[in-house]
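Undergrad: My questions all concern the structure below.
Any read-out appearing in this document is the output of simple, stated calculations on the displayed coordinates, not a laboratory observation. No experiment lies behind these values; they were computed from the predicted model shown. No Cβ is skipped: glycine too gets one built from the backbone with ideal geometry, and neighbour counts run over all protein chains shown.
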Amino acid sequence: MSARGSSGRHAARARPHQPGRDDGPAGPVPGEALPRDPTARRPCRRRRARARPQRMERGVDVTLAYGSGGLVATVPDDAHVVLPTDLPGLDDERDAITQALRAPHAGPPLGKIIDATCRVAVVFPDITRPMPNRTVLPPLLDELTRLGVGPDRVSLLCANGSHRLATSDEMAALIGPDLVSRYRVHDHAATDPDHVDVGRVDGVPVRIDRRYVEADVRIVTGFVEPHFFAGFSGGPKAVCPGLAALETILEAHSPRRIADPRATWTVTEGNPVHDFVRAATALAPPALSLDVAINNARQVTAVFAGTLPDAHRAACAFVERTAVQRVPHRFDVVLSTNSGHPLDRNLYQAVKGMAAAERVVARGGTIVMAAACADGLPAEGGFGRLLAEARSPDDLVSPHATPELDRWEAQVLGRVLQRARVQLRTDGLSDDEVRAAHLEPVADVTEAVARAVHAAGPRASVCVLPLGPLTVATPVGRA
């Protein structure tokens, strides 16, 4: 027995189901090398044992990306298990990055951009992103040193956007203790008053981190993956929202922009969110963008260096070919994840995995979501308050609501809940916290899927997204 799959390889590791075997933490997710989460909390209090329905007699085991380890779920043997096309990692990632800097995809090479007198700002993604910073930053910084720009003239800026700042341990894990000790490393804070007004987009002031704006040469790094309302990550998003002031971030994520149907996966042209991000970044553009694509093991598969927007467009086209996977129809039950650590560190981020499932779930269907949520909702920001104040999902989705911190994530969650019921398997939230978020707590993924299949009837269909938002599953006939 084997689950049907959609990807460049067989969709997932599948084993015949062993009756009576519980879901639970598994070994590493297939194709994944996940770092241990230094912020992981001990699981919340254990839930009371519940009456268990009879498990499916037939099925296959699929390993889901969950936290820093993984989770095994048993699904019907005719389930569609969908993964992105898994390309091999580059033979020499470091050399590929160096060569891309010397012969970029678009624009002049790094050596033509800087000289030894320059003050350089290098921007990198924060702790919520699985960016291989410890692979990408060293060859870039070594190339700067070779060109005469040493650590004393380089500032490393962490593009937190409106996310919380990293702890010292998290920063060391993120970029490596050697870089922390040798370079000036700064966390961007969206609420810091010391931002620079660089112009306006749609009449709205764009304010960006002063340390970035006033650098002689600005370099942004990132990795490109599908994004549920900005189209793709990477490129201009390092600057806006990555280094933007809160009021600029709120406009980029305003309810009216999020409500636009073009604000969705893989769409950049005509996407009101991406249009704003690109225009805002163009007011303080980087001299060089260095983006990578990664595979399921988080190895670098391609490098795209050069000027924006050309280098980013090339990266997006490359990633779209691997991430978008066609499926034959919508499904009654969709099992999804948030691609494991670090993206499933809180419920706010886990909305991405629910939005990935939304694309392929039938109206009135069930989404079973597995996300560790070691950081809880999280406690900071406005996400938890917005969910608590909403009487129903309808209260979350108004395009005319006042822009405020984290409303965009609550708005997308409300839209998902208008389409399907969402059940959550997590170790980081209590049952009451899950219910307060308008979700249904479940203790066992396999049992949740079995119950949903039983409720949907004898012809129920099931789709599994083991890597959640890293796969853009798309029903045939839908763009």
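Undergrad: If you average the C-alpha positions of the range 262-339 and of the range 56-118 separately, how far apart do those two centres end up, in angstrom?
TA: The range 262-339 and the range 56-118 have Cα centres separated by 12 Å.
Undergrad: Where does the Debye-calculated log10 I(q)/I(0) of the chain sit at q = 0.06 Å⁻¹, using only Cα point scatterers of equal weight, no solvent?
TA: At q = 0.06 Å⁻¹ the computed log10 ratios are -0.25.
Undergrad: Continuing with this model, one more query. Projected onto the charge dipole of the chain (+1 at Lys/Arg Cβ, -1 at Asp/Glu Cβ, origin at the Cα centre), which of Pro236, Phe276, Leu439 gives the Cα projection farthest towards the positive end?
TA: Result: Leu439, furthest along the dipole toward the positive end.
Undergrad: Next up: Using Stokes-Einstein with the Kirkwood hydrodynamic radius over Cα pairs, what translational diffusion coefficient do you get for the range 65-112 at 10 °C and a viscosity of 1.306 mPa s, in µm²/s rounded to a whole number? Could the numbers behind the result be given before it?
TA: On the way: Rh = 15.2 Å.
Calculated translational D: 104 µm²/s.
Undergrad: Any chance you could run the full-extension gain for Asp92 through Arg58? It's 0.36 nm times the residue separation minus the Cα-Cα distance, nm to one decimal.
TA: 7.9 nm
Undergrad: Points 7 angstrom from Cα along the Cβ direction at Asp197 and Asp152: gap in nanometres?
TA: In this crude spin-label approximation the distance works out to 3.7 nm.
Undergrad: Still on this structure: Only loop residues by DSSP count here, and only those with at most 11 other Cβ atoms within 10 Å; note down the trypsin sites (Lys or Arg not before Pro) in the range 297-403 that meet that.
TA: Arg391
Undergrad: Still on this model: Quickly estimate the mean residue ellipticity at 222 nm for the chain, helices only: each DSSP H run with n ≥ 4 gives -39500 (n - 2.57), and the total goes over all residues, rounded to 500.
TA: -8000 deg cm²/dmol, from helical runs alone.
Undergrad: Per 10 Å bin, what percent of the C-alpha pairs of the range 425-479 does each bin hold, from zero upward?
TA: Distribution as computed: 19, 35, 39, 8 percent.
Undergrad: Let me know the Rg and Dmax you get for the range 182-256 when you use only its Cα atoms, in Å.
TA: 13.0, 44
Undergrad: As an exercise, identify the trypsin sites (Lys or Arg not before Pro) in the range 411-479 lying in DSSP coil whose Cβ has no more than 14 other Cβ atoms within 10 Å.
TA: Loop-located and lightly packed - Arg459, Arg478.
Undergrad: May I ask for the Rg/Rh ratio of the range 304-404, computed from Cα atoms with Rh as the Kirkwood radius, given to two decimals?
TA: Values: Rg = 17.0 Å, Rh = 16.3 Å.
We get a ratio of 1.04 for the range 304-404.
Undergrad: Continuing with the same structure: Given R₀ = 25 Å, what would the calculated FRET efficiency be for Arg184 paired with Asp115, taking r from the Cβ atoms and rounding to 0.05?
TA: 0.80
Undergrad: Please report the net charge: other residues with Cβ closer than 10 Å to the Cβ of Ala452, K and R +1, D and E -1.
TA: The answer is 0.
Undergrad: Right, something else. If I take R0 = 22 Å and measure r between the Cβ atoms of Leu283 and Arg256 in this structure, what FRET efficiency does the formula 1/(1 + (r/R0)^6) give, to the nearest 0.05?
TA: For Leu283 and Arg256, the calculated efficiency is 0.55.
Undergrad: Let me ask you something else. Note the full-extension length gain between Asp432 and Thr145 as 0.36 nm times their separation in residues minus their Cα-Cα distance, in nm to one decimal.
TA: This chain segment gains 98.0 nm when fully extended.
Undergrad: For each of Ile219, Ile249, count neighbouring Cβ atoms within 10 Å of the residue's Cβ, then give the residues from fewest to most. Can you show the working numbers first?
TA: Values: Ile219 27, Ile249 22.
Lowest to highest Cβ neighbour count: Ile249, Ile219.
Undergrad: Based on the Cα coordinates of the range 367-479, what is the per residue volume of their convex hull in Å³?
TA: On the way: hull volume 15.7 nm³, N = 113.
Expressed per residue, the convex hull around the Cα atoms of the range 367-479 is 139 Å³.
Undergrad: Let me ask you something else. Give the dimensionless ratio obtained when the Cα radius of gyration of the range 93-321 is divided by 2.2 N^0.38 Å. Numbers along the way, then the final one.
TA: On the way: Rg = 16.3 Å, N = 229, 2.2 N^0.38 = 17.3 Å.
Normalised Rg, Cα atoms only: 0.94.
Undergrad: For the range 231-275, which GluC sites (Glu not before Pro) pass both filters: DSSP loop (anything but H, G, I, E, B) and at most 10 other C-beta atoms within 10 Å?
TA: Taking the range 231-275 and a limit of 10 other Cβ atoms within 10 Å, the loop GluC sites (Glu not before Pro) found are Glu269.
Undergrad: Next up: Counting only DSSP beta bridges with both residues in the chain, tell me the antiparallel percent, nearest 5.
TA: 35
Undergrad: Take Thr167 and Thr85, extend 7 Å from each Cα along the Cα→Cβ direction, and tell me the distance between the two endpoints in nm.
TA: Each label point lies 7 Å from its Cα, and together they span 4.1 nm.
Undergrad: So what is the relative contact order of the chain, in percent, for Cα pairs below 8 Å that sit 6 or more residues apart?
TA: It comes to 20 percent, rounded to a whole number.
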